[in-house]
1. Within the set LYS123/LYS353; LYS88/LYS146; LYS42/LYS253, which residue pairs have Cα atoms separated by over 30 Å?
2. If I model a spin label at ASN303 and ASN358 as a point 7 Å from the Cα along the Cα→Cβ vector, what separation in nanometres do I get?
3. Would you please give the residues with an amide H less than 5 Å from that of LYS123, counting only those at least 5 places away or on a separate chain, with H modeled from the backbone geometry?
4. Simple spin-label model, 7 Å along Cα-to-Cβ: SER343 to SER189 in nm?
5. Can you work out the Karplus-derived ³J(HN,Hα) for every residue in region 47-60? Use 6.51 cos²θ - 1.76 cosθ + 1.60 with θ = phi - 60°, whole Hz, and x for glycine or proline.
6. How charged is the neighbourhood of GLN344? Take every other residue with its Cβ under 11 Å from the Cβ of GLN344, and add Lys/Arg as +1 and Asp/Glu as -1.
7. What nm value, rounded to one decimal, do you get for the distance between ARG149 and VAL179 when each label is placed 7 Å out toward the C-beta?
8. As a test question: what accessible area, to the nearest 10 Å², does TYR319 have when a 1.4 Å probe is rolled over all protein chains in place?
Amino acid sequence: MASVRLRRLSFWAAVILALAAAPARADSPACNQAQAIVDEAKSAWASGQPAHASLLARLSTARDLCPALGEAWKYSYCSAQAIGDANKARIYRDRALFNGITQLECSPGSVTVAPLPTVVRNKYALLVGVGDFADPDIPKLHFAAKDARDLRAVLVDPRYGNFPADNVRLLTDQDATRVNILKELNRLSLEAQEDDLVLLFFSSHGSPHKEGTGLQGIGYILTHDSSRQEVFLNALEFDDLASKVSTIRARRKVTLLDTCYSGQSAARGGKAMVLEGFGVGVDMAKLFLSGEGSYIITSSSANEVSFESDQLKNGYFTYYLIEALRQGAEPPTLAEVFSRLSSQVRASVARDKGAPQNPHMLPEDGKGDLRIGVVPQQLQR
């Protein structure tokens, strides 16, 4: 056991040294310049008469200078929405969420969001679970692949998920390489239409970004082929994931991350890669109504570890997510799912591990009335 622990420590030490050698994005001149442009955009919005075309041109420079600056994407979303460019607004909105923006409102009443399609035509899911890694120095996860398989079983169940089985892609362990994940994301960007629902799920180790940024501290999600010598080459970069997801046209998207990065030492069972309209009646129609539909739910808050449970034989987050999806006579809303799973995760991890684990949903100002289990038109025919 001691030799295994030392081997793992040497791996994480190498990772931390690599991170220390890289420039810190938060202190970079480029990001400071980008923040100055965002401050200009804020002032323009506060004035009540923003020149949206000019703002978008300036914010394009900010996004190029500092791609992980969430506010640059947020104000780009607001101006694109204000001038009626719905496609760019959708992309900017998703990138804002993936870069940690919690509130999407620019100023009260300033942006009118185009309503979602009133029905869900089809549903797609990509489920990724990686517990076995090609590099033996990366600690294994006991239940990450099982997390993905168990969630798939619920999603294709007509009592709960109502996803067409052929539309649920599962990548676990050896199949969950960076290339295979990107291929599936590319497929979704080609197949999913605006009136579809897309669910993405990742259960694996998280690691810090080489420049110190990412949603809840996650810069990379480890894939099967992530390695000690090429962490930044073979892992799935969070910025790249955000970019690919934002090209998926579906107006309803839910991304679930049972993975984390924490600055703390990883406790046993932790997942942090650290030193440690077709004939729809009134009753059915209400299941299709939703607010603006892109959401991200993370399994823990910043500086917390996401845990697995030997007793539950899943990650705590995934286990209670599945339990929440099974509740109710009709498919629960995303807000209902999140409320149930977050309270149960907090209580169970505190009891079993003596540690905090607080799931988080973005955006915080979203309605959350999207229903993952809605019956799509494709299955009603």
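The values are calculated or read from the model by the stated rules, or taken from the named source; none is laboratory data. For clarity, every value in this text was computed on a predicted model and none was experimentally measured. Here the Cβ is made from the backbone with ideal geometry for all residues, glycine too, and neighbour counts use every protein chain on show. Accessible surface areas use protein heavy atoms only, side chains included; no ligands, DNA or RNA. Shrake-Rupley method; radii C 1.70, N 1.55, O 1.52, S 1.80 Å.
1. LYS123/LYS353; LYS88/LYS146
2. 1.0 nm
3. When sequence neighbours closer than 5 places are left aside, the close amide H contacts are LEU197.
4. 4.0 nm
5. Once rounded to whole Hz, the list reads 6, x, 9, x, 8, 4, 4, 5, 4, 4, 5, 5, 5, 4.
6. Charge balance in the 11 Å sphere: +2.
7. Result: 2.5 nm between the two label points.
8. 70 Å²
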